[in-house]
Amino acid sequence: MAVHVAPAAAQSIVPVTLPKPWGEHEVGVATHLLVDSARADPHAGGQVRRLLVRIWYPADSVSGGVRPYMPAAVADAWRSTMQAADGFEDAITTNAVADAPVSSVRGQWPVLLFSHGRSFPVENYQIALEQLASQGWVIAALSHPYEEALTLLPDGSTLPFRGPSWESEDERGAVLTGVVDEMVRDAMLAIDRLETMSVQAGSPFFDRLDLASGVGYFGHSLGGATAVWTLQRDRRVAAAASWEGQVYREEDRPLRVRAPVLYVVGGANRTELVGTQYRPAVRGGPVYELVMHGAWHASFGDMLHVYRQYADDAWHERHRREMHPLRANQITAEYLHEFFAHYLLGTELDLLWPNSIEELGSYRTWNYPEVELRVYGG
């Protein structure tokens, strides 16, 4: 699903601060490069697959400076979408400290994976990643090679977006399903390496990752589809959440899922996506289908929060009826936290607990009037 920010005149640099996470923990972030020596990258002329993983996590309080928002090379690749001035990334302040010590408040921390949307950089999702880390999650965010705007590796080499295209709409489903298959293999590699980190003396995550109940996995768009397909293929994934990640081949719809799925749809795309993508398998699920009225495909992520700081009056007028992007991210983070806490940690449901459960029931939650929830199975 393509995302376009309306063209704007040349912009000046405007300071932007990501919202302070409301969880009880400080936030750290670490970078790891994974190499799959057994797999050739289809976009790299037979070279092995290289996967950059950024890990956001609860951290002990430290006095170090916060992590820069994104490298200049990534910002250069992303700027055409953002319609931003050169150096816009330098004016964005984050809340995470690079390589801070993992919080000692508890022994082990539950683990989530995250995958970005097609051509979106992982850096675009730091509002949600910082928030979840502040609430006690370790989140391994995967930069799928050649599928984000640009990946900058630790040695300075770059992996630009080279996602395949299609000649006709009839080919789209097969092409994107092939991309998802590669991304699923990336996710399985990441889980393998997280398991190694948790038992490897000298690793900053040695004996700090709670993997006993499996991991959760969430993603945006193509990354959301990857999360659900990984759930289907790897039983180490206990639950998955997807913001508008579609089942791309018609013959696969609706996908009958073996374990719990939270499917978030912006109200702008409800006609296309609601009721068509995911259903519980026999003895599977449940599926929570959440419609966020006033939101659209790009509402999840940092992009609209950043762009609106320097957008012109005409842009604000066109978008005046949309949900504020910070509220969209707040709602998303709250539902993600509750969903994964319930299925990985056994906590009680609140936001996701309906007044009555019906096979095709629907209701608005009193907590967030913009939200409509359907529960299938359960």
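Projected area of the chain, taken from the Cα convex hull and averaged over every viewing direction, in nm²? Numbers along the way, then the final one.
On the way: hull surface 74.8 nm².
Average of the hull's projected areas for the chain equals 18.7 nm².
Report the label-to-label distance for R172 and W353 in nanometres (one decimal), using points 7 Å from each Cα along the Cα→Cβ vector.
4.0
Report for the chain the percent antiparallel among DSSP-assigned beta bridges with both residues inside it, nearest 5.
Details: 32 of 68 bridges.
Of those bridges, close to 45 percent are antiparallel.
How large is the charge dipole for the chain, taken about the Cα centre, if only the Cβ atoms of Lys, Arg (+1) and Asp, Glu (-1) carry charge, to the nearest 20 debye?
For this selection, approximately 480 debye.
In the stretch 25-376, with Lys and Arg counted as +1 and Asp and Glu as -1 at Cβ, which of these residues, A91, L373, V237, has the Cα nearest the positive end of the dipole, that is, farthest along it?
My answer, from the dipole projection, is V237.
Quick check: pseudo-label points 7 Å beyond the Cα along Cα→Cβ at A38 and D181, how many nm apart are they?
1.8
To the nearest 0.05, what FRET efficiency results for L345 and R283 with a Förster distance of 35 Å applied to their C-beta separation?
Working: r = 22 Å, r/R0 = 0.63.
Approximately 0.95, to the nearest 0.05.
Using a 7 Å offset from the Cα along the Cα-to-Cβ direction at both V48 and R270, what is the distance between the two label points in nm, to one decimal?
According to this spin-label approximation, the distance is 4.9 nm.
Tell me what the chain gives for mean residue ellipticity at 222 nm when only DSSP H runs of n ≥ 4 count, each as -39,500 (n - 2.57), the sum divided by the residue total, rounded to 500 deg cm²/dmol. Don't skip to the end; give the middle numbers.
Working: 8 runs with 94 residues, N = 378.
Value at 222 nm, helices only, nearest 500: -7500 deg cm²/dmol.
Using a 10 Å cut-off on Cβ atoms, rank the peptides 193-206, 242-255, 310-323 from the highest mean neighbour count down. Intermediate values should be presented prior to the final figure.
Values: 193-206: 14.7, 242-255: 19.6, 310-323: 12.9.
Per-residue Cβ counts within 10 Å, averaged per peptide and sorted highest first, yield 242-255, 193-206, 310-323.
Just to be sure I understand: of the beta bridges DSSP finds with both ends in the stretch 230-378, what percent are antiparallel, rounded to 5?
On the way: 10 of 23 bridges.
Roughly 45 percent of the DSSP beta bridges within the stretch 230-378 come out antiparallel.
I'd like the FRET efficiency for H316 and S80, computed as 1/(1 + (r/R0)^6) with the beta carbon distance as r and R0 of 22 Å, rounded to 0.05. Show your work: numbers first, answer last.
Details: r = 21 Å, r/R0 = 0.96.
With a Förster radius of 22 Å, E is 0.55.
No lab work stands behind these numbers, since they all come straight from the coordinates. This one's a predicted model, so the numbers in the text were calculated from it and none came from an experiment. In this analysis, Cβ positions are derived from the backbone assuming ideal geometry, glycine residues included, and neighbour counts consider all displayed protein chains.
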